[in-house]
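The values are calculated or read from the model by the stated rules, or taken from the named source; none is laboratory data. Note that the structure is a prediction, hence the values are computed from the model and not measured. For neighbour counting, all protein chains shown are included, and Cβ atoms are generated from backbone atoms with ideal geometry for every residue, glycine included.
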Amino acid sequence: MTTPCVGLKPRDKKNYLKNKKKSGKNMEAKSEFRKKVEDFHIEPDVIKTCYKCSKCSDNCPITAVTTDNYTTIGYNPRGNFLMTLLGQENLLLGGDDLVIWGCTVCDTCDEVCPENVELTEIFTFLKNQSVALGKGPEFVYSQTKTIFENGKAIPSQPAIERRREQLNLPKVIEPDIGEIKLLLKNMGIEKKLK
């Protein structure tokens, strides 16, 4: 029997083992979870071509600002991808918010991947799974609620309107909040708001 951390770099392996010990949950790989991820990806066979070069993590701006050279703490797209391939759903969706929500979808990892694996697609799938399970971070729910109530992420503010007027910019057209609410309700977003 092989261990799930075979092929991981020492730092990734240490992080995997630390999370495994901390979670205390069933750590068995779930092949159906991996299959769901593969089915979500534009080209499911491309996922299997990753040869673990670590270019995704080496070039990720979030990894650069959340990881230091002395600890295993920080955002790691390569580690997340490997845990996905290993079917480690509990580690990904039950861990720290930074594990999957650290991705800003800047597409840097997609651009540098020599095998053209669309990692941001996978991370979007993981975020959607997290929200579906009610495990999304609070900021996602509060931002969604703001959009639901105001029709945009940043509500109109008098200071912004004054500044636009000083710069001779046209007034911002207010969104049709009723239409946005209807769209979000039809998508089932209202039910997911906490």
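Quick look at the values:
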read-out: So Pro170, is it within 16 Å of the chain's Cα centre (by Cα) and without any contact (Cβ under 8 Å) to a residue 60 or more places away in the chain; value: no
read-out: For Asp96: the one exception among (1) loosely packed, with under 13 Cβ neighbours inside 10 Å; (2) of a type in the set (D, E, K, R); (3) under 30 Å from Asn59 (Cα atoms); value: (1)
read-out: Test: residue in the range 140-160 that is aliphatic (A, V, I, L, M) and either within 12 Å of the chain's Cα centre (by Cα) or under 30 Å from Lys52 (Cβ atoms) (or both); value: yes
read-out: Test: residue in the range 157-173 that is within 22 Å of Thr104 (Cβ to Cβ), modelled with pLDDT under 90 and not assigned by TED's automatic domain parsing to the domain that holds Thr104; value: no
read-out: Matching residues in the range 83-118 - criterion: being among the hydrophobic types (A, V, I, L, M, F, W, C), in contact with a Ser or Thr (Cβ under 9 Å, 6 or more places away or on another chain) and over 19 Å from Tyr51 (Cβ atoms); value: Leu91, Leu92, Leu93, Leu98, Ile100, Trp101, Cys103, Val105, Cys106
read-out: Meets criteria (surrounded by 13 or more Cβ atoms within 10 Å (Cβ to Cβ) and under 23 Å from the mean Cα position of the chain (by Cα)) for Lys181; value: no
read-out: Test result for Val65, part of a helix (DSSP H, G or I) and touching a residue at least 40 places away in the same chain (Cβ under 8 Å); value: no
read-out: Count of the range 96-139 residues which are in contact (Cβ under 8 Å) with a residue 60 or more places away in the chain and among the aromatic types (Phe, Trp, Tyr); value: 1
